[in-house]
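Student: Take a look at this one; I'll ask things after.
The values are calculated or read from the model by the stated rules, or taken from the named source; none is laboratory data. Keep in mind that this is a model prediction, so the values were computed, not measured. Quick reminder, even Gly has a Cβ in these numbers, built from the backbone with ideal geometry, and neighbours come from all protein chains shown.
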Amino acid sequence: MATNRDEVVSKFADLSFGDELGLGTWLSEKAQPLVLQRLEALETEPLTKVQLNQLLVASRMGSISDGFFKYYWRETPEHPYDVTAVDHFRREWVEGGKHVISSIDHLHWGFYRLYIDGLLYYGNVKGGFGCLRSLAYDQIAQVFKAKRFDTDAIAARGPALPLSVIARDDRYLISEMACKTFGEVPETKEAALNLLVAAWEKHVAAGGGEIDFRDLLQKYVATPATEEQLLLSYDDISGERITSKLEVKQQFEHIVNKFLEARSRAIQNTEYYLSMVNDLDVYVATSMRTRKNFRDMADATEHIFSNSQLRALHLRYFDPTLSAARGHEDKGLIECLMVKCAKVLVYCEGEKESYGKDAEAAMALSLGKPVVFYCDHGKKTNFYRDVHPLARLIDFRSGVAVGAIVTDNVDQVSELIYRIFHNQMLYRIEHHSTRPGFLKLVEVLTNSVVRLQTDDELITKTFWNNYHNRAPQGFVSLAAGKEAERLQE
């Protein structure tokens, strides 16, 4: 069955961009007549690699290698995503011994994959085509093998050492605010107790009588700057009725003992995390300011990683409700290291914005890592997907624009982690709603834009003309060893 010109142009409309004759327009209304004439007959006269090269060169593009033709049209190679799930793939296209493109749909499938690869790894489609078109098959396969997760090797590691258990209702006691209240040395704890005793004495002087522990704190201890910290630290006993100085001391000892036990276990867990940091798979970033935040975060983390699909991988993941450090400086160093080493970051929205978790997400995106934003408050999902400044950053090593994957469904977080580590992510290409030359690569499950290619020619040329020449040859990086070598690549 013959294909007419309009059908060819319509089929490739989703891959059209730009004004100049070339990759973005070679099958558009601006296409060379001989190109469309040849493709009109494609359904009855399969296209060879030599003929495809003639059409590409006539369209002001470079020719392609045998390996490129084989990789994109004649094979279903192991790839960072499932190539058979792209663009209504049909198995008959890669069966048989004839090395040809057999239909318009077949031609479109190969170019659709190229566009995804160009946007994912090269910053733009033409850049990907230019880097890959002359390579041998094995070279292209090696390029993408390096970008795949070795799922079998991850699963074969088996489970890590078990973490020290902290009761879910006590995890709020590992917060930095609790540490500021109770401290880690006897003098600090003594000072905290003295504040409470002094508060009781003020209460007695004011008339005395029974009083809720919370009221004692708010009336005689807390200031606007410390109220949130104190109410969190003493949440477990805030509803207790106090009738004497002795009861003040007893309640204080009760909560301090729970604090010391929880903190000791959390610091031990941090040592476990450091012992496996080189194998860390997922870093969970969040901010927790209330006891409920800790409970909710513990529930979400357990729900995500207890998913039946993920169990076989024995993933090493950082649970922020189980870890503490001996000081906020140490905490910052440890968490930066874990973000750097983790393969994926999950950003959990909190009730309030937090510099810490925002910085961690930004670091991960700037390292080109997959970042999943989980927004359990659904009304913010569109904000994080479309408005939040972290939604679009660039991989500092390659210059590729990267975007976070945003969802308000906790089960989708588990599914996304599964797809990432099994190399089964699904993408589609879209155009900007008002700018037809502006391409977006969208993650299918959540409709999140994970890559983009602007249609602004000045931005494009300025960006790529300058991005990779900021560190001249011989530049000594502050990074050491292999990291310095990588930064010079």
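Student: Looking at Leu135, Leu195, Leu107, Leu163, which one is in a loop (DSSP other than H, G, I, E, B), outside the structural domain of Gly332 (by TED's automatic domain parsing) and farther than 30 Å from Tyr467 by Cα?
Tutor: Values: Leu135 fails: farther than 30 Å from Tyr467 by Cα; Leu195 fails: in a loop (DSSP other than H, G, I, E, B); Leu107 fails: in a loop (DSSP other than H, G, I, E, B).
Result: Leu163 is the single residue among Leu135, Leu195, Leu107, Leu163 that is in a loop (DSSP other than H, G, I, E, B), outside the structural domain of Gly332 (by TED's automatic domain parsing) and farther than 30 Å from Tyr467 by Cα.
Student: Quick one: which residue in Val339, Val372 is in a strand (DSSP E or B), modelled with pLDDT of 90 or more, touching a Leu at 6+ places or on another chain (Cβ under 7 Å) and outside the structural domain of Glu228 (by TED's automatic domain parsing)?
Tutor: Numbers: Val339 fails: in a strand (DSSP E or B).
Answer to the selection: Val372.
Student: When the stretch 410-445 is examined, which residues are found to be touching a Leu at 6+ places or on another chain (Cβ under 9 Å) and over 20 Å from Tyr112 (Cβ atoms)?
Tutor: Keep residues of the stretch 410-445 that are touching a Leu at 6+ places or on another chain (Cβ under 9 Å), which gives 412, 414-419, 421-422, 425-432, 438-441, 443-445.
Gln412, Ser414, Glu415, Leu416, Ile417, Tyr418, Phe421, His422, listed by residue number.
Student: Being assigned by TED's automatic domain parsing to the domain that holds Glu351 and either within 26 Å of Ala156 (Cα to Cα) or basic (Lys, Arg) (or both) is the requirement here; does Ala312 meet it? Lay out the reasoning, then the answer.
Tutor: Numbers: assigned by TED's automatic domain parsing to the domain that holds Glu351: yes; either within 26 Å of Ala156 (Cα to Cα) or basic (Lys, Arg) (or both): yes.
Spelling it out, Ala312 is indeed assigned by TED's automatic domain parsing to the domain that holds Glu351 and either within 26 Å of Ala156 (Cα to Cα) or basic (Lys, Arg) (or both).
Student: If the Cβ limit is 8 Å and pairs must be 6+ apart or interchain, which residue in the stretch 95-121 that is among the aromatic types (Phe, Trp, Tyr) pairs with which residue that is at pLDDT 95 or above and assigned to a loop (DSSP other than H, G, I, E, B)?
Tutor: Trp109/Val86; Trp109/Phe89; Phe111/Phe12; Tyr112/Val86; Tyr121/Lys147
Student: Mind counting the residues in the stretch 408-445 that are modelled with pLDDT under 95 and buried (at least 22 other Cβ atoms within 10 Å of the Cβ)?
Tutor: Number of matching residues: 0.
Student: Next question, about the same structure. Conditions first: (1) crowded, with 19+ Cβ neighbours inside 10 Å; (2) modelled with pLDDT under 95. Phe129 passes all but one, so which condition is the exception?
Tutor: Unmet condition: (2).
Student: I've got another one for you. For residues that are surrounded by 14 or more Cβ atoms within 10 Å (Cβ to Cβ) and over 20 Å from Tyr112 (Cβ atoms), tally how many sit in the stretch 1-20.
Tutor: The total comes to 1.
Student: Out of contact with any Asp or Glu (no Cβ under 9 Å at 6 or more places or on another chain), under 14 Å from Ile104 (Cα atoms), in a helix (DSSP H, G or I) and among the aliphatic types (A, V, I, L, M): does that describe Leu42? Can you show your working first?
Tutor: Numbers: out of contact with any Asp or Glu (no Cβ under 9 Å at 6 or more places or on another chain): yes; under 14 Å from Ile104 (Cα atoms): yes; in a helix (DSSP H, G or I): no; among the aliphatic types (A, V, I, L, M): yes.
Spelling it out, it is not the case that Leu42 is out of contact with any Asp or Glu (no Cβ under 9 Å at 6 or more places or on another chain), under 14 Å from Ile104 (Cα atoms), in a helix (DSSP H, G or I) and among the aliphatic types (A, V, I, L, M).
Student: Hey, any hits in the stretch 107-124 for a residue that's under 30 Å from Ser323 (Cβ atoms), aromatic (Phe, Trp, Tyr) and surrounded by 18 or more Cβ atoms within 10 Å (Cβ to Cβ)?
Tutor: To start, the set of residues in the stretch 107-124 that are under 30 Å from Ser323 (Cβ atoms) comprises none.
No, every residue in the stretch 107-124 fails to be under 30 Å from Ser323 (Cβ atoms), aromatic (Phe, Trp, Tyr) and surrounded by 18 or more Cβ atoms within 10 Å (Cβ to Cβ).
Student: Let me ask another. If we scan the stretch 29-42, do we find a residue that is under 37 Å from the mean Cα position of the chain (by Cα) and at pLDDT 90 or above? Working first, answer last.
Tutor: We begin by selecting, within the stretch 29-42, every residue under 37 Å from the mean Cα position of the chain (by Cα); these are none.
No, the stretch 29-42 contains no residue that is under 37 Å from the mean Cα position of the chain (by Cα) and at pLDDT 90 or above.
Student: So which residues in the stretch 132-162 are surrounded by 14 or more Cβ atoms within 10 Å (Cβ to Cβ), under 30 Å from Ile459 (Cβ atoms) and among the aliphatic types (A, V, I, L, M)?
Tutor: Leu132, Leu135, Ile140, Val143
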